[in-house]
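Here is the structure we will look at, set down as structure tokens.
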Amino acid sequence: MSATSYSAYWESPSNIALVKYWGKYGEQLPCNPSISFTLNQALSKTSVTATTKTNASTLEFDFEFEGQANAAFADKMRPFLQRLSEDMPWMLQYHLNIQSSNTFPHSSGIASSASAYSALALCFCSLHEQISGQALDMFFQTASHYARIGSGSACRSVYGGFNLWGTCNELPDSANEYAINIDDLVHPVFKHFQDTILIVERGKKSVSSTAGHALLKQHPFAEKRFNIAQQQTGQLLGILKSGDLAAFIQLVESEAYMLHAMMMTSSTPFMLMKPNTLAIIEKIIEHRNKTGLHVLFTLDAGANVHVLYPEAEKAAILPWIQSELVGYCQNELYFCNEVGKGPQSK
Ligand code: DP6
């Protein structure tokens, strides 16, 4: 009998959180809601080809990253695929060939788990539809659910624009299991917001997100943080609706400070900011106070700085970033992004 093959391809972007997810329980469920916007440039491009095989009882896959077999990534991915196969048992009947590449250099310090797992989850949802012959009821919501199981923040990358993950009082449709798109609730001033990512430090993070999240379990301030994040989520929803940039700056920067404060005050404390992170933050605040421009920063779990600003102020702010801030980057490395349209299948 000749082998039968099915293929799926998705390219999916990374996202930047404004209210941060930091702390999880159960099967990667968040201790508080988070809000992010999807980027337009930092993409993972992934294809999965499923070919029938004779042994139909074990998971069999090979994984190539940027054209080369990559055992370390494959080991990381195995529990995710195993878990997926519980819900998609057809996966055991096929040999799975997974090819992935990123549009940003690996080890550039840009988190790749969000783009990687959202692209993978989308591919498996597409294959599921092809192989079962049935359309999924809520395709992107289902993909978000599975992306979450791979990496929490990945569930916010299956849609473009602004997204919320985690149950919050303000939105009855919100859920801990998957993200929802909130673009309809966002003022035009935010629709093309810019994110210039300044690479202060390339390379692997000194603390993995999973280890970081785990430290919240024993953290003396954990409950307080989760409550504040709940409140900030409600407030940010209001700000996104009204277009109040001053309030946006205050809230988003406070989230970045608090994320790093939680790291510094955990039982195994760690400090991911570097001297150049602080130098950039100081410059941003000084420049904003001097000019009145709406330039602000946020951080993820690392030393790099995301410089955020409205599209309408790009002509004034980007040249300033290039002349005053890029000098603090490792090898002057930076990436220009803006709010993106979300994943695409070709
Ligand atoms: C600081 O999604 O990378 O970027 O669920 O363990 O894969 P895992 O963690 P991950 O955590 C992201 C943390 C963050 C904040 C955020 O993106 O909300």
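The values are calculated or read from the model by the stated rules, or taken from the named source; none is laboratory data. All values reported here derive from a predicted model rather than from experimental measurement. Positions of Cβ are backbone-derived with ideal geometry, glycine not excepted, and every protein chain shown enters the neighbour counts.
Could you tell me which residue of the range 17-33 is farthest from G160 (Cα to Cα), considering only residues that are out of contact with any Asp or Glu (no Cβ under 9 Å at 6 or more places or on another chain) and within 9 Å of the ligand (Cβ to nearest atom)? Once the filter is applied, the top-ranked residue is K24. Could you go through the range 157-165 and let me know if any residue there is without any contact (Cβ under 8 Å) to a residue 12 or more places away in the chain, away from the ligand (no atom under 15 Å from the Cβ) and within 29 Å of P79 (Cβ to Cβ). Checked against the condition, which is being without any contact (Cβ under 8 Å) to a residue 12 or more places away in the chain, away from the ligand (no atom under 15 Å from the Cβ) and within 29 Å of P79 (Cβ to Cβ), the range 157-165 yields no hits at all. Residues that are within 16 Å of the ligand (Cβ to nearest atom) and either among the basic types (K, R) or within 30 Å of I182 (Cα to Cα) (or both) within the range 50-82 comprise K76, M77, R78, F80, L81, listed in sequence order. Which residue out of S85, S14, S7, S47 is within 16 Å of the ligand (Cβ to nearest atom), of a type outside the set (D, E) and not in a loop (DSSP other than H, G, I, E, B)? Result: S14 is the single residue among S85, S14, S7, S47 that is within 16 Å of the ligand (Cβ to nearest atom), of a type outside the set (D, E) and not in a loop (DSSP other than H, G, I, E, B). It is to be established whether one or more residues within the range 260-268 are crowded, with 19+ Cβ neighbours inside 10 Å and away from the ligand (no atom under 13 Å from the Cβ). Checking the range 260-268: at least one residue is crowded, with 19+ Cβ neighbours inside 10 Å and away from the ligand (no atom under 13 Å from the Cβ).
Within the range 175-192, one or more residues are surrounded by 24 or more Cβ atoms within 10 Å (Cβ to Cβ), within 14 Å of the chain's Cα centre (by Cα) and either at pLDDT below 95 or over 30 Å from E332 (Cβ atoms) (or both). The C-beta contact set for the range 174-187 (first residue closer than 16 Å to Y146 by Cα, second residue acidic (D, E), distance under 8 angstrom, 6+ apart or interchain) comprises I180/D173. Taken over the range 165-194, the residue count meeting the criterion of being of a type in the set (A, V, I, L, M) and over 20 Å from Y309 (Cα atoms) is 4. Of all residues in the range 75-128, exactly one satisfies the criterion of being on the phi > 0 side of the Ramachandran plot and among the hydroxyl-bearing types (S, T, Y), namely S107. Right, K274: within 27 Å of A222 (Cα to Cα) and of a type in the set (K, R) or not? Judged against the criteria, K274 is a match. Within the range 241-257, is even one residue touching a Pro at 6+ places or on another chain (Cβ under 9 Å) and either small (G, A, S) or modelled with pLDDT of 95 or more (or both)? There is at least one residue in the range 241-257 that is touching a Pro at 6+ places or on another chain (Cβ under 9 Å) and either small (G, A, S) or modelled with pLDDT of 95 or more (or both). The listed residues are A301, A316, A261, and the only one of them that is of a type outside the set (D, E, K, R), within 26 Å of K191 (Cα to Cα) and in a helix (DSSP H, G or I) turns out to be A316. Filtering the range 1-51 to residues that are β-branched (V, I, T) and buried (at least 22 other Cβ atoms within 10 Å of the Cβ) leaves I16, V19, I35, T38, T46, V48.
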